[in-house]
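A.B. asks: Following this message is one structure expressed as structure tokens.
The values are calculated or read from the model by the stated rules, or taken from the named source; none is laboratory data. Being a predicted model, the structure only gives us computed values, none of them experimental. Glycine also receives a Cβ, built like all others from the backbone with ideal geometry; neighbour counts cover every protein chain displayed.
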Amino acid sequence: MSNVPMTQTLISVIKAGLSQLGYQAETGEINLEHPAQSQFGDVSTNVAMTWPAPAQLAAVAPRQRADQLVTVLHELLNQPQWHELATAIAKITVAGPGFINFYWSEHFLMAEIDRAVQQRTPTVLKDSKPKNAIVEFSSPNIAKPFTVGHLRSTIIGDAVARLMTAVGHTVYRDNHVGDWGTQFGKLVYAIKTWGNEAEIAASDRPIKKLVELYVQFHQEAEANPALEDEGRAWFAKLEAGDAEARRLWQRCIEWSWQEFDQIYQRLGVSFTENDGRGYGESFFENKMEPIINELQQNGLLKESEGAKLVFFPDDVLPPLMVIKKDGSTLYATRDLATDAFRRDHYGPDITIINEVGGEQALYFQQLFETEKLLGWFKPGQRVHVKHGHYRLKDSKMSTRKGNVIWLEDILQAAYDKVDSQAQTDLNEAEKWRIAIGAVKWHDLKRESTRDIVFNLDEMVSLQGNSGPYVQYAFVRCFSLLQKAGWQWRAEQPPQKLTSFDVSTYSYTQKERELAAHLIKFSEVVEVAATHYQPHHVCTYLNQLAQLFNSFYTESPILADDVTAAAQAARLYLVFTTAITIQFGLDLIGIDIVERM
Ligand code: ARG
């Protein structure tokens, strides 16, 4: 079997057919569709309707043009050079106004399944244009709660990074931690005035203590506005490198990382840049001046009431402030410095992906537009992957803690739920895998821009479209394979299987559907990676679990009266399902379990 996927070969033959009929072959890309209903074939194309017809065919209806093309395709497939493709296609039909539908042959499906089994991993094709990309995600703030927004960013960003890596891009995982800004002056003041460093250090949730001190600062400042000046004075010291200010600020960073590290470890997420902590905002503290100058030289800065702002041509966007009227810099100033650094450090063709909540969409537009005006990047190099809000259905969790949703509580709630509904005697590690899988899937299963409602029952449901539902399909595969004597531990590849003769068996309808779905995996990964949209993987895996379950209830495997050929063909499907689920879940950061 060649390494070119059969769909690519199919596209080539369609192009050959079109040019034989006089169509301009350069007209465009041919994208094959996968019809949702299997009666419309495994792949389908609308070229007969969408490609501009050559002059001599202009009067011919699209439906007839489709018929013509199919006739030519049949002729081509009879030629030796298309032999392999010819054996992969069982039938070609024309439907509706001019769709052309292709049906894979059973021989081809079985050969593909056999190949997956022999490789012991599903095929995932590499992108033909590998990129260097930074995926910046998570980006919590020092001394502030790691919110569910950061959780979403962590889960989605990690999945995007994994997907891009899988298709062959070089991915740098960065974390733009919020560790700089005037609020640190207030915090330093609060710690010195009301805090107890030893107590904070000894606490297992130091961030909570820091948040309390910060809140106290604001309460006291209401009665005593002079405190604001104290805060400002401490930030000025921090900027000037005052030892005491720096020391306390540094401690806040370490205390916060104590918690962040735990969270990342729990979620199985890591970063590659700056020793695994990412380049936080403070890293750019001394890199902003040249940016201001560059903006100035390009005539992009205007003063307004003492502040300096970037105004956009024709006011397509509201202006972006980069210097406050007291002369201090902002979040935006640091972001500009960050991207300049990235371009210098990683090279001018770097793709930069920011996974940040949709509420910052306007801000990122302003940022991207400014960078465009500066001529820093080409289209496509700057990407904002957005996520929607995370809302609470049951407000108990929010009232107990004030209006912050603490991430630990979400994870713990998922764990407790898994614990209470577990039927097998699972150990703690297994329960965590299920709980984390449930939380991540809940976040990834729909387009990230959409809002989600925290719903524990839905998260851990075994009935469908949940992490545990898909993990459970794997468990079924796993236990079948074990019973059939196929050795497989998660940490090592399963033992090689003997090949079976595909000509001795014919798939049932359900088996055929399962096989046809299995061989689509690579294309799904490609789509998800290209569009930075992990939910495509979830949709695919959820369908896979459904197809597997209906195959599983219908096709006996280990019963005495199952023929050797049927058993082998079915075990091959089980095996390919198992490796595809394992690989697919891993792409979105979810572990499998071997029992549930
Ligand atoms: N720390 C910010 C927040 O919590 C997110 C940072 C996003 N990244 C960026 N390059 N601005 O809202």
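A.B. asks: For residue 322, all conditions in the list (1) surrounded by fewer than 17 Cβ atoms within 10 Å (Cβ to Cβ); (2) of a type in the set (Val, Ile, Thr); (3) within 16 Å of the ligand (Cβ to nearest atom) hold save one; what is the number of the exception?
C.D. replies: Among (1) surrounded by fewer than 17 Cβ atoms within 10 Å (Cβ to Cβ); (2) of a type in the set (Val, Ile, Thr); (3) within 16 Å of the ligand (Cβ to nearest atom), the lone unmet condition for residue 322 is (1).
A.B. asks: Here are 221, 202, 198, 240: which of them is of a type in the set (A, V, I, L, M, F, W, C) and either within 17 Å of residue 144 (Cα to Cα) or surrounded by 14 or more Cβ atoms within 10 Å (Cβ to Cβ) (or both)?
C.D. replies: Details: 202 fails: either within 17 Å of residue 144 (Cα to Cα) or surrounded by 14 or more Cβ atoms within 10 Å (Cβ to Cβ) (or both); 198 fails: either within 17 Å of residue 144 (Cα to Cα) or surrounded by 14 or more Cβ atoms within 10 Å (Cβ to Cβ) (or both); 240 fails: either within 17 Å of residue 144 (Cα to Cα) or surrounded by 14 or more Cβ atoms within 10 Å (Cβ to Cβ) (or both).
Going through 221, 202, 198, 240 in turn, just one is of a type in the set (A, V, I, L, M, F, W, C) and either within 17 Å of residue 144 (Cα to Cα) or surrounded by 14 or more Cβ atoms within 10 Å (Cβ to Cβ) (or both): 221.
A.B. asks: Do any helices (runs of 4 or more DSSP H) entirely within region 159-225 hold 3 or more residues that are away from the ligand (no atom under 16 Å from the Cβ) and among the β-branched types (Val, Ile, Thr), and if so, which? I'd like the intermediate steps shown before the answer.
C.D. replies: Numbers: elements: 183-194, 197-202, 206-223.
Per the criteria, 183-194.
A.B. asks: Looking at region 334-349, I want the residues that are farther than 16 Å from residue 170 by Cβ and more than 10 Å from the ligand (Cβ to nearest atom) and have a partner that is of a type in the set (D, E, K, R) and assigned to a helix (DSSP H, G or I) with Cβ atoms under 7 Å, at least 6 apart or on another chain. Which pairs are those?
C.D. replies: Listed by first residue and then by second, the contacts come to 337/287; 341/287.
A.B. asks: Report, by residue number, each residue of region 550-578 that is surrounded by fewer than 18 Cβ atoms within 10 Å (Cβ to Cβ) and closer than 15 Å to residue 511 by Cβ. Full working, then the answer.
C.D. replies: First, pick out the residues of region 550-578 that are surrounded by fewer than 18 Cβ atoms within 10 Å (Cβ to Cβ): 550, 553-554, 556, 558-565.
Within region 550-578, 550, 553, 554, 556, 562, 563, 565 qualify.
A.B. asks: When residues of region 128-149 are filtered for being modelled with pLDDT of 95 or more, part of a loop (DSSP other than H, G, I, E, B), surrounded by 21 or more Cβ atoms within 10 Å (Cβ to Cβ) and more than 8 Å from the ligand (Cβ to nearest atom), how many remain?
C.D. replies: Total satisfying the criteria: 4.
A.B. asks: Looking only at region 152-197, which residues are among the hydroxyl-bearing types (Ser, Thr, Tyr) and at pLDDT below 95?
C.D. replies: Taking region 152-197 and keeping what is among the hydroxyl-bearing types (Ser, Thr, Tyr), we get 153-154, 165, 170, 172, 182, 189, 193.
Answer for region 152-197, where residues must be among the hydroxyl-bearing types (Ser, Thr, Tyr) and at pLDDT below 95: just 182.
A.B. asks: Right, next: Take the conditions more than 28 Å from residue 521 (Cα to Cα) and modelled with pLDDT under 90 and apply them to residue 39. Does it pass? Reasoning before the result, please.
C.D. replies: Values: more than 28 Å from residue 521 (Cα to Cα): no; modelled with pLDDT under 90: yes.
Taking the combined requirement at face value, the residue does not satisfy it.
A.B. asks: How about region 95-140: which of its residues are within 14 Å of residue 573 (Cα to Cα) and charged (D, E, K, R)?
C.D. replies: Selection gives 106, 112, 114, 115, 120.
A.B. asks: Related question: Is it true that residue 304 is of a type in the set (Ser, Thr, Tyr), within 24 Å of residue 205 (Cβ to Cβ) and either in contact (Cβ under 8 Å) with a residue 60 or more places away in the chain or surrounded by fewer than 19 Cβ atoms within 10 Å (Cβ to Cβ) (or both)?
C.D. replies: Working: of a type in the set (Ser, Thr, Tyr): yes; within 24 Å of residue 205 (Cβ to Cβ): no; either in contact (Cβ under 8 Å) with a residue 60 or more places away in the chain or surrounded by fewer than 19 Cβ atoms within 10 Å (Cβ to Cβ) (or both): yes.
In short, no.
A.B. asks: While we're looking at this one, here's another question. Show the residue pairs meeting these rules: Cβ distance below 6 Å; 6+ apart or different chains; first residue within region 170-188 and more than 15 Å from residue 251 (Cα to Cα); second residue in a helix (DSSP H, G or I) and more than 13 Å from the ligand (Cβ to nearest atom).
C.D. replies: Listed by first residue and then by second, the contacts come to 171/161; 171/164; 171/165; 173/161; 182/235.
A.B. asks: What is the one condition in (1) under 23 Å from residue 267 (Cβ atoms); (2) crowded, with 24+ Cβ neighbours inside 10 Å that residue 188 does not satisfy?
C.D. replies: Only one criterion in (1) under 23 Å from residue 267 (Cβ atoms); (2) crowded, with 24+ Cβ neighbours inside 10 Å is unmet by residue 188, namely (1).
A.B. asks: Still on this structure, I have one more. In this structure, is residue 320 over 24 Å from residue 131 (Cα atoms) and hydrophobic (A, V, I, L, M, F, W, C)?
C.D. replies: Numbers: over 24 Å from residue 131 (Cα atoms): yes; hydrophobic (A, V, I, L, M, F, W, C): yes.
Yes; evaluated as a whole, the condition is true for this residue.
A.B. asks: Kindly state which helices (runs of 4 or more DSSP H) lie completely within region 423-529 and contain at least 3 residues that are crowded, with 22+ Cβ neighbours inside 10 Å and at pLDDT 95 or above. So that I can check it myself, show each step before the final result.
C.D. replies: Working: elements: 428-444, 456-460, 467-483, 509-518.
Filter on region 423-529 gives 428-444, 467-483, 509-518.
A.B. asks: Also, quick follow-up: Check off (1) surrounded by fewer than 23 Cβ atoms within 10 Å (Cβ to Cβ); (2) away from the ligand (no atom under 16 Å from the Cβ); (3) under 19 Å from residue 174 (Cα atoms) for residue 123 and give me the number that stays unchecked.
C.D. replies: Answer for residue 123: the failing condition is (3).
A.B. asks: Identify all residues within region 36-56 that are under 33 Å from the mean Cα position of the chain (by Cα), surrounded by 15 or more Cβ atoms within 10 Å (Cβ to Cβ) and not small (Gly, Ala, Ser); write none if there are none.
C.D. replies: Just the residues of region 36-56 that are under 33 Å from the mean Cα position of the chain (by Cα), to begin with: 36-47, 50.
Filter once more, so that each one left must be surrounded by 15 or more Cβ atoms within 10 Å (Cβ to Cβ): 40-47.
Scanning region 36-56 gives 40, 42, 43, 45, 46, 47.
A.B. asks: While we're on this one: Any chance region 150-164 includes a residue that's more than 34 Å from the chain's Cα centre (by Cα) and surrounded by 23 or more Cβ atoms within 10 Å (Cβ to Cβ)?
C.D. replies: Kept after step one, since they are more than 34 Å from the chain's Cα centre (by Cα), are these residues of region 150-164: none.
The answer is no, given that none of the residues of region 150-164 is more than 34 Å from the chain's Cα centre (by Cα) and surrounded by 23 or more Cβ atoms within 10 Å (Cβ to Cβ).
A.B. asks: Let me ask something additional. Which of the following residues is assigned to a helix (DSSP H, G or I) and over 13 Å from residue 100 (Cα atoms): 56, 68, 64?
C.D. replies: Values: 68 fails: over 13 Å from residue 100 (Cα atoms); 64 fails: over 13 Å from residue 100 (Cα atoms).
After ruling out the rest, the residue left standing is 56.
A.B. asks: Any idea which residue in region 360-401 is nearest to the ligand (Cβ to nearest atom), counting only those that are modelled with pLDDT under 95 and among the polar types (S, T, N, Q)?
C.D. replies: It comes out as 398.
A.B. asks: Just checking, which of 274, 286 is surrounded by fewer than 18 Cβ atoms within 10 Å (Cβ to Cβ) and within 16 Å of the ligand (Cβ to nearest atom)?
C.D. replies: Working: 286 fails: within 16 Å of the ligand (Cβ to nearest atom).
274 is the lone residue from the list that is surrounded by fewer than 18 Cβ atoms within 10 Å (Cβ to Cβ) and within 16 Å of the ligand (Cβ to nearest atom).
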